[in-house]
Each structure stands twice: as structure tokens, then as C-alpha cells.
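Report on the following structure.
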Amino acid sequence: MTDGTDTKSSNQMWGGRFASGPAAIMEEINASIGFDKKLFAQDIRGSIAHASMLAHQGIISTEDKDKIVHGLNTILSEIESGNFEFSRRLEDIHMNVEARLATLIGPAAGRLHTARSRNDQVALDFRLWVKEELQKCEQALTELIAAFLDRAEEHAETVMPGFTHLQTAQPVTFGHHCMAYVEMFGRDRSRVRHAIEHMDESPIGAAALAGTGFPIDRHMTAKSLGFREPTRNSIDTVSDRDFALEFLSIAAIAGMHLSRLAEEIVIWSTPQFGFVRLSDAFSTGSSIMPQKKNPDAAELVRAKTGRINGSLVALLTIMKGLPLAYSKDMQEDKEQVFDAAESLELAIAAMTGMMRDMTINTERMKAAAGSGYSTATDLADWLVREAGLPFRDAHHVTGRAVALAESKSCELAQLSLEELQAIHPAITDKIFDVLTVEASVASRKSFGGTAPSEVRKQIAFWRARN
């Protein structure tokens, strides 16, 4: 098929103001069809809603509306089947669709653009696309949270070291560690839901920047397109890309959470840690070292965050100096969002797969949980609780016990009662009840603590809201 365009029609698209076609360089820098064709479904959906409203208001005839809707649905089928020829000379998705519509239905196609501009049209298309992407993101995060809840329930009692500064701090459970990510991704999902609420306004009808003199019904088009209501200021409507920036901000924060998790998986899967083992589905080998099993999926998730961050900074920079209302600079908004959306979607899917698929080495975790004198805080707490020492004194006594254990190359629980009493006479044999990692985690029953009983309470809470 042909797109029904030539140089003359390309000039006509710009109106009688321009006597000659754009130079090759101008055509190259001006065209956005190479990336904004991704908006074809939203563009056609918005045009159908607009045409229906125009007919309802008596601005165009029902006959013309029916021709327009039929033609637009034909174009949608052509694009979806791969039989549509996009033209760079027509700049963008809007003009490609409109030119093809003119070929299909003739003069009635020219009535479609009544009471709208490409400024509010692109704002609508882009907003619809971002809204749909946020809805996908919400579902993907829900599935990721579910994967963590399953792992947390499975390992509510699995002991592992908790870290600060990547140094062993106190024993925790792997279930509790998993629930930390549930909280993170839960906040991400909450931000997604708030963003959908913030952007749930229809731009169409704002026209170029001042609204229109035609008796349109913006509430009708908003409702038909699934928006809560129309936007309330025509200048802001065509100027606004906050919805895109908010999406990128959410993506950057979620990507940061994914990257932190990816880093832990990379560390945990090393032979030095050996806490987890990734399946072959999420690993690669080495071209020269046959023993290698590399956590490439996790590393690539970690890297995707850099791309997402770059997209956010790029769009912030594009928007920061623009006067109201629309400027052509805003054409550069979409590639950043498209790329970030693809990166985030892939990263969430990969991480969900890894979490469900990885093998947990519970024995290795338990052995590491007691290293680095991780129950030292339990000794200090016991001295406060049972011997009545001020915490700072208890801290000093515990430090001396740790120093002694280090000098003997043993764990705290391996010190004799006599050795401990030589440090402080108030210590009794009951101290050994709190120096195991199991006793340590079981004692942390404060709300949100690592005790298995508390972990299960939080799992139940999240299952009820997930």
C-alpha cells in the first residue's frame, strides 16, 4: 500500500504559510515518527473519542463521524498487521494517521482535526500511554511482591547474618530480609497508584494553548477515554509533562531498589558467601573459564538503573527552561520514557523470575549468621536486663568479651563462664541462653522485628493487601 503522500501533501500539512518543503536536515531533526509511532493505538483511540464528541455536539455530521471511525479502525488494523507504511515526511504519528485517513475516506478526514491541535493531541496520546504503562507496572510489582512473600513465608525461621556497612551486625531471618524488599516495592507500587491518580485528567480540547470556540464537551471525551475529568487550564495542559517526569521518578526509585537487590544477589551468589545459587536460566558461563557461573541477569538489572536515571535527568533538563506553553523541545520527551519503561518492565520481570527460581543455602546462611560476634548485642542487652547495668557500661563489658574471644579465636558462646565472670561477676550461666543465633532472632519480637512470629504477622498483613 502507499501512504498517499508526496512533497506537495507534506507542504499542505504545514498549511499555506510554507511555500517549499523542509530541507533534508530540517526533515531529519523535525521527524518523530521513528519513535512516536509507538503511540498509534492511543492516537486512534483519542481520535475516535474526539470524533464521537464532535458529532454528539453537532459540530460534524453523524455521517462524517461514522466514516472517520470506520477509517480509523481500518488504519488500526493495518498498523497492527504490519501493513501500514509510515512516512518520515509526515513528521509524526498524528499526521501519518490523518494522511492515511484522507486516502481512505476523502474530505471527511479533514473534519477530524476540528477543535483540537497537535499540542493537545500529543498530550493525550502520551498521557494515555504512560497511564497504561503505570497500570502494567502496578501489576508487575504486585507479582514481584508475591514472589517475596512466598520466599519470606518459606524462610521465616531461616537464620542469616544481618549487615551494616556490609559487616556482620546481628542475626536476622531470611524471611525478615525478604520482607524488607516487600516494604520497598510496596512503596513503589503506592507511588505508581498515586501517579495514576495525579494524571487521570484528559488534555484533549485544550487545543493549541487557549482552548477552542467550538461548543465541545470535554467531560464527554474524558469519560469515554477513561479519565476522571478534563484538565482545568489549557495553557498548563499543553505545557505539562509532569506525568512523564513522575513516571520516570517512580521508575528511578524502583530501579534503585531493584539494583540494591541485584547487588545483594551478586554478592550472595559468590563462592565466598554461597548464600544463594541462581539457576541456569538466569546465569551465563565464561568463554575461557569453564567453572564460572555468572549472575548476569542480576548484573543487567543493576545496570538498567543507570539508563533509567539518565532518562529522568534528560527530561528534567529538557523541561527546565521552557516558557509556557508548548515548545518543540518537548518532542524529545518520549524516547526517554519509552526506554525507561522498557528497562523497568524487563528488570522487574527478571527479578521476579530470579527470586522464585533461586536456591537458598540455609546451612551456609546459618553458619554465617553467628560469625563476627553477631550476638554481642544480645550479651549487652542481657547485662542491662538481668544485671541492671546501664547500657553504656554493658556495651563496655561486651566489648571486652569480644576482645577476649578474638584473642582466643573463638565465638562468644565458646567462652567459659569463668572467663566471662572475670570480665564482670554479674554474668551467670543463663547468658548462654541468649548467645545462639536462634535465641537472638527469637527475642526480637518488637513490632516489625526479625522474630519469626513477627515476620509471619507482617506476611499476613501484606498478603491481605496484595
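The values are calculated or read from the model by the stated rules, or taken from the named source; none is laboratory data. As the structure is a prediction and not an experimental result, all values here were calculated from the model. Positions of Cβ are backbone-derived with ideal geometry, glycine not excepted, and every protein chain shown enters the neighbour counts. Just so you know, the surface numbers come from the protein's heavy atoms only, side chains and all, with ligands and any DNA or RNA stripped out. Shrake-Rupley method; radii C 1.70, N 1.55, O 1.52, S 1.80 Å.
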*Going by the conditions given, is Leu316 open to solvent by 40 Å² or more (accessible area, probe 1.4 Å), under 20 Å from the mean Cα position of the chain (by Cα) and under 13 Å from Arg241 (Cβ atoms)?*
yes
*asked:* Looking at the stretch 376-396, can you tell me whether even one residue there is under 24 Å from Lys445 (Cα atoms), open to solvent by 20 Å² or more (accessible area, probe 1.4 Å), within 41 Å of the chain's Cα centre (by Cα) and at pLDDT 90 or above?
replied: no
*Within the stretch 171-179, can one find any residue that is assigned by the TED database to the domain that holds Asp339, within 22 Å of Ala244 (Cα to Cα) and among the aromatic types (Phe, Trp, Tyr)?*
no
*Among the candidates Leu278, Leu324, Leu346, Leu258, which residue alone is touching a residue at least 24 places away in the same chain (Cβ under 8 Å) and under 23 Å from Phe35 (Cβ atoms)?*
Leu346
*Looking only at the stretch 117-128, decide whether some residue is β-branched (Val, Ile, Thr) and closer than 26 Å to His257 by Cβ.*
no
*For the stretch 193-200, state whether one or more residues are modelled with pLDDT under 95 and either open to solvent by 70 Å² or more (accessible area, probe 1.4 Å) or touching a Lys or Arg at 6+ places or on another chain (Cβ under 7 Å) (or both).*
yes
*Taking Asn294 and the conditions (1) surrounded by fewer than 19 Cβ atoms within 10 Å (Cβ to Cβ); (2) touching a Phe, Trp or Tyr at 6+ places or on another chain (Cβ under 8 Å); (3) free of Cβ contacts under 8 Å to residues at least 40 places away in the same chain, which numbered condition does it fall short on, given that it satisfies the others?*
(2)
_Please go through (1) of a type in the set (A, V, I, L, M); (2) under 33 Å from the mean Cα position of the chain (by Cα); (3) not in a helix (DSSP H, G or I) for Val455 and return the number of the only condition it doesn't satisfy._
(3)
*Residues satisfying the stated conditions in the stretch 340-356, i.e. in contact with a helix residue (DSSP H, G or I) (Cβ under 6 Å, 6 or more places away or on another chain) and open to solvent by 10 Å² or more (accessible area, probe 1.4 Å)*: Ala350, Thr352, Arg356
*Since Ala349 meets every condition but one in (1) farther than 30 Å from Ser279 by Cβ; (2) assigned by the TED database to the domain that holds Thr270, which condition does it not meet?*
(1)
_Suppose we filter the stretch 131-164 for residues that are of a type in the set (Phe, Trp, Tyr) and more than 22 Å from Arg463 (Cβ to Cβ); how many remain?_
1
_Breaking point among (1) open to solvent by less than 60 Å² (accessible area, probe 1.4 Å); (2) on the phi > 0 side of the Ramachandran plot, for Tyr181_ = (2)
*Restricting the first residue to the stretch 417-429 and requiring it to be surrounded by 14 or more Cβ atoms within 10 Å (Cβ to Cβ), which pairs with a second residue that is part of a loop (DSSP other than H, G, I, E, B) meet a Cβ separation below 7 Å and a spacing of at least six or different chains?*
Leu420/Ile427; Gln421/Ile427
_Checking Gly162 against (1) modelled with pLDDT under 95; (2) open to solvent by 30 Å² or more (accessible area, probe 1.4 Å); (3) closer than 30 Å to Tyr373 by Cβ: exactly one of these is not met. Which one?_
(2)
_Cβ-Cβ under 7 Å pairs, at least 6 apart or on other chains, the stretch 394-413 side outside any helix (DSSP H, G or I), far side among the hydrophobic types (A, V, I, L, M, F, W, C) and open to solvent by less than 10 Å² (accessible area, probe 1.4 Å)_ = Glu411/Ala405
